[in-house]
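Peer 1: Right, I'll just put the structure down here and ask away after.
The values are calculated or read from the model by the stated rules, or taken from the named source; none is laboratory data. The structure displayed is predicted, hence computed values, not measured ones. As a convention, Cβ positions derive from the backbone with ideal geometry for all residues, glycine included, and neighbour counts pool all protein chains shown. Ligands, DNA and RNA are stripped out before the accessible areas are found, and what is left, the full protein with its side chains, is counted by its heavy atoms. Shrake-Rupley method; radii C 1.70, N 1.55, O 1.52, S 1.80 Å.
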Amino acid sequence: MARPEQVLVLEPQHELKFRGPFTDVVTATLKLSNPTDRNVCFKVKTTAPRRYCVRPNSGIIDAGNSVNVSVMLQPFDYDPNEKSKHKFMVQSMLAPYGMTDMEGVWKEAKPDELMDSKLRCAFEMPLENDKSHESENNQTVYSSASSVKTELSALPKSTSASLDDGEVKKIMEECKRLQMEVHRLREENKQIREDDGLRKRKGTSVGSPHSSSSSATATSAMRDEGLSTRILALCVLFFVIGVIIGKLAL
């Protein structure tokens with residue numbers, strides 16, 4: 001007994017086209033429309049299930065509605081001399097009234113209730129003018145990548161080389177240690193200034209000679225200068241390491 005005619009309207013009707021390059025996932029859209037006054041169950045099947053991902057691959061289309069099915073072709077080595085033998089089949093049936101279990105309905109369906117449509121798959125590579133257009137659109141991206149490479153090449157070989165996780169961890173630990181050292185030096189500098197102020201107040205209260213006060217002030221100034229120099233050097237080193245890590249992350 002012949003199968004009933006397909007009630008769903010397929011767009012495209014006979015062929016799914018996938019445009020390369022096929023180094024990444026390529027998606028084609030299949031639109032299923034239900035022009036009837038009944039809900040319709042559908043399934044999408046393929047002869048190459050490992051090569052495609054179909055979402056949704058089954059479901060119910062309400063009366064007068066439509067569904068877009070995404071057919072995703074997985075990356076593969078394209079051979080222009082090889083013709084695609086992959087095919088898809090859209091199987092459908094009118095949904096029974098009061099249906100609650102769609103899988104059960106498919107299992108109990110009779111052959112004369114099933115409808116199907118078949119589609120071929122075609123692989124196409126972009127035309128030369130399309131490639132030129134894509135090249136122009138991606139020019140900014142390529143320029144940015146070149147700039148990054150130039151900046152990295154300007155770094156010393158030891159830093160421009162790829163770092164493994166252990167080396168990155170060591171650098172991060174060194175940055176943390178330097179940060180703690182800067183904090184410690186700041187606290188030490190603060191304490192010295194407080195001690196110096198205390199000595200000045202004591203010297204003034206007991207009438208200490210002016211020369212002693214001048215000597216203490218000079219000593220404190222030298223300590224402050226030394227600490228400030230160390231803090232500045234550590235801050236510069238910390239900044240340089242941060243810049244290097246940022247460039248390598250790019």
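Peer 1: Are any residues in the range 94-114 charged (D, E, K, R), under 17 Å from Gln6 (Cβ atoms) and open to solvent by 90 Å² or more (accessible area, probe 1.4 Å), and if so, which ones? Spell out the reasoning first.
Peer 2: Step one: list which residues in the range 94-114 are charged (D, E, K, R), which gives 101, 103, 107-108, 110, 112-113.
Retained after the next criterion (residues that are under 17 Å from Gln6 (Cβ atoms)): 110, 112-113.
Residue satisfying the conditions is Lys110 alone.
Peer 1: Can you tell me which residues in the range 105-146 are of a type in the set (A, V, I, L, M) and modelled with pLDDT of 90 or more?
Peer 2: Val105, Ala109, Leu114, Met115, Leu119, Ala122
This table checks each residue for (1) outside any loop (DSSP other than H, G, I, E, B); (2) open to solvent by 40 Å² or more (accessible area, probe 1.4 Å).
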position: Leu10; (1), (2): yes, no
position: Phe18; (1), (2): yes, no
position: Pro21; (1), (2): no, yes
position: Asp24; (1), (2): no, yes
position: Lys43; (1), (2): yes, yes
position: Val54; (1), (2): yes, no
position: Gln91; (1), (2): yes, no
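Peer 1: Check Met1 against each of (1) open to solvent by 90 Å² or more (accessible area, probe 1.4 Å); (2) in contact with a helix residue (DSSP H, G or I) (Cβ under 9 Å, 6 or more places away or on another chain); (3) modelled with pLDDT of 90 or more and name the one condition it does not meet.
Peer 2: Only one criterion is unmet by Met1, namely (3).
Peer 1: Evaluate the range 56-63: report whether one residue or more is among the small types (Gly, Ala, Ser), over 34 Å from the mean Cα position of the chain (by Cα), surrounded by fewer than 11 Cβ atoms within 10 Å (Cβ to Cβ) and assigned to a loop (DSSP other than H, G, I, E, B). Working first, answer last.
Peer 2: Step one: of the range 56-63, the residues among the small types (Gly, Ala, Ser) are 58-59, 63.
Remaining after also requiring over 34 Å from the mean Cα position of the chain (by Cα): 63.
Now restrict to residues that are surrounded by fewer than 11 Cβ atoms within 10 Å (Cβ to Cβ): none.
Looking through the range 56-63, none of the residues is among the small types (Gly, Ala, Ser), over 34 Å from the mean Cα position of the chain (by Cα), surrounded by fewer than 11 Cβ atoms within 10 Å (Cβ to Cβ) and assigned to a loop (DSSP other than H, G, I, E, B).
Peer 1: Checking the structure you have, find out if any residue of the range 77-84 is modelled with pLDDT of 95 or more and open to solvent by less than 50 Å² (accessible area, probe 1.4 Å). Give the derivation first.
Peer 2: To start, the set of residues in the range 77-84 that are modelled with pLDDT of 95 or more comprises none.
No, that holds for no residue.
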